[in-house]
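Chemist: Mind having a look at this structure? Questions to follow.
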Amino acid sequence: MTTLNAELRTFYEARQQQIPAEIRQIMQRAGQELADSGQAARALTVGAQAPRFRLPTAAGQTLALDDLLAGGPVVLTFYRGAWCPYCNIALRSLQQHHEAISARGARLVAVSPQIPDESLTLTEKHELAFDILSDIGSDTAKQYGLAFDLPDDLAAVYDKLGFDLQRVNDGHPRTLPLPATYVIDRDGTIRWAYVNTDYTTRAEPAGILAALDALN
């Protein structure tokens, strides 16, 4: 069975052939600067208390972390948005493993800085069985140490590519979260963490399931 990151790598290599060299250079330089910033190492990790949040869902409800934890462990994943093809691949993979996550008594939720209307489109498109939460302004991502601002030249590239982050992120076009996934136990303690500045790699579902098994 193909792993998620093998699928992401195949997509990445095909995608690189389609992107003009000058845009590739901007993306690669921005990625290297973000990696060199050390932000991934400063993000919350195992042993930390998970910051509490209350965020709107794509369906117009509100979910609080405390309410989720009352039912069992939580798998919390942060992604950039529906405009990011790597995020879409990762979310589809999580959907394929949703039943296995639920069977372990855990609740899966995904968080992005997009407005709920955009998240609903994503949910409908992929028929996701888990909740998509809107962290407009990335305040929750900031609490987890994940929020960063795109450099000017990369933001301009994203505008040119038609991602329209000004609209979908409700006036916060340059602030995005690092891709990250946390397994949080019922006491609110982070028991497993995956954080990476490279948006083309993500937490493997097998690693998430193993972390949930370790809780039991």
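The values are calculated or read from the model by the stated rules, or taken from the named source; none is laboratory data. Computed from a predicted structure; not experimentally measured. Please note: Cβ atoms are built from the backbone with ideal geometry, for glycine as well, and neighbour counts cover all protein chains shown. Just so you know, the surface numbers come from the protein's heavy atoms only, side chains and all, with ligands and any DNA or RNA stripped out. Shrake-Rupley method; radii C 1.70, N 1.55, O 1.52, S 1.80 Å.
Chemist: Report the relative contact order of the chain, percent, no decimals, based on alpha-carbon pairs under 8 angstrom and at least 6 residues apart.
Modeler: Contact order relative to length: 29 percent.
Chemist: To the nearest 500 deg cm²/dmol, what mean residue ellipticity at 222 nm is calculated for the chain from DSSP H runs of n ≥ 4 alone, each contributing -39,500 (n - 2.57), summed and divided by the residues?
Modeler: -13000 deg cm²/dmol
Chemist: Another question about this same structure. Starting from the Cα gyration tensor of region 37-132, take the square roots of the eigenvalues, sort them a ≥ b ≥ c, and report rounded, prolate or oblate (rounded when a/c is under 1.5, otherwise prolate if a/b is larger than b/c, else oblate).
Modeler: Rounded.
Chemist: When ligands, DNA and RNA are left out and all protein chains stay put, how many square angstrom of accessible area per residue does the chain have with a 1.4 Å probe?
Modeler: That works out to 46 Å² for each residue.
Chemist: Further question: How much net charge surrounds residue 87 when only other residues with a Cβ under 11 Å from its Cβ are counted (Lys, Arg +1; Asp, Glu -1)?
Modeler: It works out to a net charge of +3.
Chemist: OK, next. Can you list the residues, at least 5 places off or on another chain, whose amide H is less than 5 Å from the amide H of residue 131, using H built in the peptide plane?
Modeler: Residues meeting the criterion, in which the H sits 1.01 Å from N, are 110.
Chemist: What list of ³J(HN,Hα) values in whole Hz, one per residue of region 186-197 in order, does the Karplus curve 6.51 cos²θ - 1.76 cosθ + 1.60 (θ = phi - 60°) give from phi, with Gly and Pro shown as x?
Modeler: Going residue by residue, I get 5, 7, x, 8, 6, 9, 7, 9, 10, 9, 8, 6 Hz, with x marking Gly and Pro.
Chemist: Roughly what % of DSSP beta bridges within the chain run antiparallel, to the nearest 5?
Modeler: That works out to approximately 65 percent antiparallel.
Chemist: Which far-off residues, 5 or more places away or on another chain, put their amide H under 5 Å from the one on residue 192, with H placed in the peptide plane?
Modeler: Distant-sequence amide H within range of residue 192: 183.
Chemist: If you don't mind, another one. Pull out a ≥ b ≥ c, the square roots of the eigenvalues of the alpha-carbon gyration tensor of region 104-157, then state rounded if a/c is under 1.5, prolate if not and a/b is larger than b/c, and oblate in the remaining case.
Modeler: Oblate is the answer for region 104-157, as a/c is 1.5 or above yet b/c matches or exceeds a/b.
Chemist: Using a 1.4 angstrom probe on heavy atoms only, work out the carbon and sulfur share of the accessible area of the chain in %.
Modeler: Its accessible area is 48 percent carbon and sulfur atoms.
Chemist: Taking the Cα atoms of region 7-86 alone, what are Rg (to one decimal) and Dmax (as a whole number) in Å?
Modeler: Expressed in Å, the Cα Rg and Dmax of region 7-86 come to 17.8, 50.
Chemist: Something else about it: Just need log10 I(q)/I(0) for region 168-216 at q = 0.13 Å⁻¹, Debye formula, equal scatterers on the alpha-carbon atoms, no solvent, rounded to two decimals.
Modeler: Evaluating at q = 0.13 Å⁻¹ gives log10 I(q)/I(0) of -0.42.
Chemist: Still on this structure, please answer the following. For residue 41 and residue 143 in one chain, what is 0.36 nm times their gap in residues minus the Cα-Cα distance, to one decimal in nm?
Modeler: 35.3 nm
Chemist: Span-like helices, the chain: DSSP H, alpha-carbon axial extent 20 Å or more, mean Kyte-Doolittle -1.0 or greater, which ones?
Modeler: Span-like helices here: 21-36.
Chemist: Average projected area of the Cα convex hull of region 63-188, in nm²?
Modeler: 7.4 nm²
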